[in-house]
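This report concerns only the one structure given below.
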Amino acid sequence: MTAHHTLRQFLLSEEKQGKMSSDMVLLIEDIATSCRIIAHKIRNGAFMDILGTADTSNVQGETQKQLDVIADEVFQEHCANCSRVAALVSEEIDEVIWLKDKPKAGDYLVYYDPLDGSSNLNVNISVGSIFSVVELEEDLVDVADAAVLIKGAKQICAGYALYGPSTSLILTTGHGVNGFTHKIGNGEFLMTFPDMKVGPATQEFAINASRARKWDPVIKRYVEECLDGTDGPRGKSFNMRWVASMVAEIHRILIRGGLFMYPMDSGNAKTGGKLRLLYEANPMGFIIEQAGGKASTGQGRILDVQPTGHHQRVSVLIGSAEEVDLIDSYYRDAQ
Ligand code: P6P
């Protein structure tokens, strides 16, 4: 597929090749519409008085931004358009949103973080939306929430929108990773990043260094060796980045390589880490693996984690394969 094809042309081409169903085409288009609407609300938020905090908090105990609530409503409205969607799992909503009483095998479960990094909104730093789709493997007799606890390895689609200097939409359905940019004026998502790949090596890592005193010995060792530069065991210098917006970090890694770390540490061990498995770590892990990178908890592949709760958190090490492998080897040495 050459560059500058529209998202719709790409999706219909994938459908024609048997790489996705017509229902998936419709669902992805509805998700893209959600992202267009959210992008518009962000860019004009200052004139719509919606960049502040709502007087509510989410299941994570985080004070919600008005746009967190609005973005969630936009995703709910548009994902429900697809008759094959049986349930929604949103970072902003405590319970699973069941859209069908008797879901069938083949129905879709959609997991999403409608506005990730929203604490950056009022300082005009990039934020994003993250989504993941899994297909039910059997009919459900009843709609117990446990039915959405499906491993990330079963994903059939994942992607994100990055609301940055431009709005990017990055997508995988298990056949590589392709990226699109929203063209102001005609509103189309046009292909600008065909067949994205993450290089195996990097000299750039991302971690919230203010938590250094809480890190486990393995993370401390890895970061110290990076900081020791050319005179240290790595024999090369490293750069560090931290945007406090996972979508922006992962997009940078897709473009130029790198390693993103949000490990479980002594400060968040009680909740199992900071980032959520079903709608942050799994979709980003699927995307990065499809681009040739790796995604680990330090104790195993993120996509192999069996969820025990739909807001479960995990330790996250995602990016260039050589760096993820190195940290995994340090964890094995530490056992
Ligand atoms: P900290 C945003 O709230 C988020 O979930 C990710 O997008 C981001 O990488 C991380 O948390 C930032 O965490 O501790 O730096 O605020």
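Considering 30, 101, 68, which residue is closer than 24 Å to residue 171 by Cα and modelled with pLDDT under 95? On inspection, the qualifying residue turns out to be 68.
Of the residues 119, 83, only one is surrounded by fewer than 21 Cβ atoms within 10 Å (Cβ to Cβ), touching a residue at least 24 places away in the same chain (Cβ under 8 Å) and either farther than 25 Å from residue 20 by Cβ or within 16 Å of the chain's Cα centre (by Cα) (or both); which?
Every option except 119 fails the conditions.
Restricted to region 184-200, and to residues that are more than 22 Å from residue 252 (Cβ to Cβ) and of a type outside the set (S, T, N, Q), which residue is least open to solvent (accessible area, probe 1.4 Å)? This residue is 187. Looking across region 201-229, the residues that are open to solvent by 70 Å² or more (accessible area, probe 1.4 Å) and more than 16 Å from the ligand (Cβ to nearest atom) come down to 203, 217, 220, 221, 224, 227, 228. Taken over region 111-167, the criterion of being over 12 Å from residue 247 (Cα atoms), hydrophobic (A, V, I, L, M, F, W, C) and within 15 Å of the ligand (Cβ to nearest atom) is satisfied by 121, 123. Within region 305-318, is even one residue closer than 21 Å to residue 133 by Cβ, more than 16 Å from the ligand (Cβ to nearest atom) and among the small types (Gly, Ala, Ser)? Within region 305-318 (the criterion being closer than 21 Å to residue 133 by Cβ, more than 16 Å from the ligand (Cβ to nearest atom) and among the small types (Gly, Ala, Ser)), the answer is yes, since at least one residue qualifies.
Of all residues in region 236-253, which are part of a loop (DSSP other than H, G, I, E, B) and either open to solvent by less than 20 Å² (accessible area, probe 1.4 Å) or touching a residue at least 60 places away in the same chain (Cβ under 8 Å) (or both)? Once the filter is applied, which keeps residues that are part of a loop (DSSP other than H, G, I, E, B) and either open to solvent by less than 20 Å² (accessible area, probe 1.4 Å) or touching a residue at least 60 places away in the same chain (Cβ under 8 Å) (or both), region 236-253 yields 243, 244, 245.
Take region 22-34 and flag every residue that is touching a residue at least 40 places away in the same chain (Cβ under 8 Å) and surrounded by fewer than 21 Cβ atoms within 10 Å (Cβ to Cβ). Listed by number, the residues that qualify are 23, 26, 30, 33. Taking the condition within 10 Å of the ligand (Cβ to nearest atom) and open to solvent by 20 Å² or more (accessible area, probe 1.4 Å), does residue 274 pass? Yes, satisfied.
For beta carbons closer than 9 Å, sequence separation of 6+ or different chains, a first residue in region 214-235 that is within 18 Å of residue 258 (Cβ to Cβ) and in contact (Cβ under 8 Å) with a residue 40 or more places away in the chain and a second that is assigned to a helix (DSSP H, G or I) and open to solvent by less than 50 Å² (accessible area, probe 1.4 Å), the qualifying pairs are 219/212; 219/327; 219/330; 222/323; 222/326; 222/327; 222/330. Here 59, 134, 148 are screened, and the one residue that is of a type outside the set (Lys, Arg) and open to solvent by 10 Å² or more (accessible area, probe 1.4 Å) is 59. For region 302-335, the set of residues classified as under 30 Å from residue 93 (Cα atoms), assigned to a helix (DSSP H, G or I) and not β-branched (Val, Ile, Thr) consists of 303, 304, listed by residue number.
Every residue, every condition in (1) within 22 Å of residue 329 (Cβ to Cβ); (2) more than 10 Å from the ligand (Cβ to nearest atom); (3) at pLDDT below 95; (4) part of a strand (DSSP E or B), yes or no:
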residue: 255; (1), (2), (3), (4): no, yes, no, no
residue: 260; (1), (2), (3), (4): yes, no, no, yes
residue: 267; (1), (2), (3), (4): no, no, no, no
residue: 270; (1), (2), (3), (4): no, yes, no, no
residue: 283; (1), (2), (3), (4): no, yes, no, no
residue: 286; (1), (2), (3), (4): no, yes, no, no
residue: 292; (1), (2), (3), (4): yes, yes, no, no
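The values are calculated or read from the model by the stated rules, or taken from the named source; none is laboratory data. Keep in mind it's a predicted model, so treat the numbers as computed, not measured. Ideal geometry is used to build each Cβ from the backbone, glycine not excepted, and the neighbour counts take in all protein chains shown. Keep in mind that these areas ignore ligands, DNA and RNA; they rest on the heavy atoms of the full protein, side chains included. Shrake-Rupley method; radii C 1.70, N 1.55, O 1.52, S 1.80 Å.
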